[in-house]
Amino acid sequence: MLPTLVLLHGFTQTRQSWRRTARALAPRYKTITPDLPGHGQSLYRTASFDATAAYVRAVANTTPFTLAGYSMGGRIALHAALTLPHTIDRLILVGASPGLQDPEERTARRQADNALAERIEASAIEDFATEWGAQPLFGGQPKRVQAAAYADRLRNTPHGLARALKGLGTGTMEPLWDRLPELTIPVTLITGERDEKFHAIAEAMRAKLPDATHVIVAGAGHAAQLEAPELVADAIYQSGSPSSSASA
């Protein structure tokens, strides 16, 4: 029986964003790729970290399981790993952060997220999808990746994305930096080579985690699983092998 791996997508994405990575992992895992609250075809209405962690546990339908998440999905995955003990046996975070430590910075981000949520609701999904993809964070993506990411964003609705941003945004998340030493399970941190901001965050996280590996995906940016799905799949698989190292 194959081990279960749950893959959580990022903000503005859907379960389809993991399609190529899940295909590469299919011979090794039973992969589950849910649509998170406010995204795609999800019928789950409650967008909060506690409720979404419980939802993830329910869709896994087994314990323990391996949990992976990208960006927003990584925030949810980290929260789940800390709040659902003995449920998750391995954690993979792609381009993710434990939150903002400074209270003033967190308040400012929450206000900015709420303002953006209001603007999203007043926009057509096509307009917001174009605006979101134009961020410097996604600079350097190949044209095919840009096109696939844009098409995936169109599977969402403005109302759903606004609800997700208000409930699961960086400004809403309680910072988890001080709780990282509690995570005794193996943690794999994956960042794209071009993603300097999250490379630094991953290194800071690795210094606090008891059992962590940082894998850098050559040539990729922030959304490494979109730009290099096979390399991300290999990093996920290799991190679960007995010979994997606890350092990068």
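Laboratory data are not the source of any read-out in this text; all were calculated from the coordinates shown. In this text, all values refer to a predicted model and were calculated from it rather than measured experimentally. For neighbour counting, all protein chains shown are included, and Cβ atoms are generated from backbone atoms with ideal geometry for every residue, glycine included.
If you build a Gaussian network model of the chain, linking Cα atoms that sit under 10 Å apart, which residue out of Thr66, Thr184, Thr52 swings the most?
Top of the fluctuation ranking is Thr184.
Cut-off under 26 Å on the C-alpha distance; same-chain residues fewer than 8 positions from Lys197 excluded. Which lysines are left, in chain and number order?
The qualifying lysines are Lys143, Lys166, Lys208.
Where does the charge balance sit around Ala228 when Lys and Arg score +1, Asp and Glu -1, over other residues with C-beta under 10 Å from its C-beta?
Its environment carries a net charge of -3.
Give the angle, between 0 and 90 degrees and rounded to the nearest 10, that separates the Cα long axis of helix 103-121 from the longest principal axis of the Cα atoms of the chain.
For helix 103-121, the angle is close to 60 degrees.
Taking +1 at the Cβ of each Lys and Arg and -1 at the Cβ of each Asp and Glu, which of Thr188, Ala233, His79 sits farthest along the dipole of the chain towards its positive end, judged by Cα position relative to the Cα centre?
Working it through, the farthest residue towards the positive pole turns out to be Ala233.
Could you list Lys166, Lys143 in order of exposure, starting from the residue whose Cβ has the fewest other Cβ atoms within 10 Å?
Fewest to most other Cβ atoms nearby, the residues stand as Lys143, Lys166.
Where does helix 158-168 land angle-wise versus the long Cα axis of the chain, in degrees 0 to 90, nearest 10?
It works out to around 50 degrees.
Please give the charge dipole size of the chain, origin at the Cα centre, charges +1 on K and R Cβ atoms and -1 on D and E Cβ atoms. Round to the nearest 20 debye.
660
Let me have the relative contact order for region 73-198, percent, based on Cα pairs under 8 Å that are six or more residues apart.
46
Would the chain count as rounded, prolate or oblate if I go by the C-alpha gyration tensor, calling it rounded below 1.5 in a/c and otherwise prolate when a/b exceeds b/c, oblate otherwise?
Rounded.
What is the distance in Å between the Cα centres of region 1-28 and region 46-67?
15
Check His214: other-chain or 5+ apart residues with amide H under 5 Å from its amide H, H built from backbone geometry?
For His214, the qualifying residues are Leu189, Ala248.
For region 126-248, what does the alpha-carbon gyration tensor say about shape, rounded, prolate or oblate, given a ≥ b ≥ c as the root eigenvalues, a/c under 1.5 as rounded, and a/b over b/c as prolate?
The shape class here is oblate.
In a Gaussian network model over the chain where Cα atoms closer than 10 Å are linked, find which of Asp152, Asp211, Asp102 has the largest mean-square fluctuation.
Most flexible of the set in this elastic network: Asp102.
Springs between alpha-carbon pairs under 10 angstrom, Gaussian network model over the chain: which of Ala122, Ala233, Ala47 fluctuates most?
Ala122
Which whole-Hz couplings ³J(HN,Hα) result when phi for each residue of region 122-137 is put into the Karplus expression 6.51 cos²θ - 1.76 cosθ + 1.60, θ = phi - 60°, listed in order with x for Gly and Pro?
Ordered by residue, 3J(HN,Hα) equals 8, 9, 7, 4, 5, 5, 5, 4, 5, 4, 5, x, 8, 4, x, 4 Hz.
Please go through region 1-50 and write out the trypsin sites (Lys or Arg not before Pro) that DSSP classes as loop and that have at most 16 other C-beta atoms within 10 Å.
In loop regions of region 1-50 (DSSP not H, G, I, E or B), the sparsely surrounded trypsin sites (Lys or Arg not before Pro) are Arg28, Arg45.
Rounded, prolate or oblate: pick one for region 103-171, where a ≥ b ≥ c are the square roots of the eigenvalues of its C-alpha gyration tensor, a/c under 1.5 means rounded, and failing that, prolate if a/b is larger than b/c, else oblate.
Oblate, because a/c is 1.5 or more while a/b does not exceed b/c.
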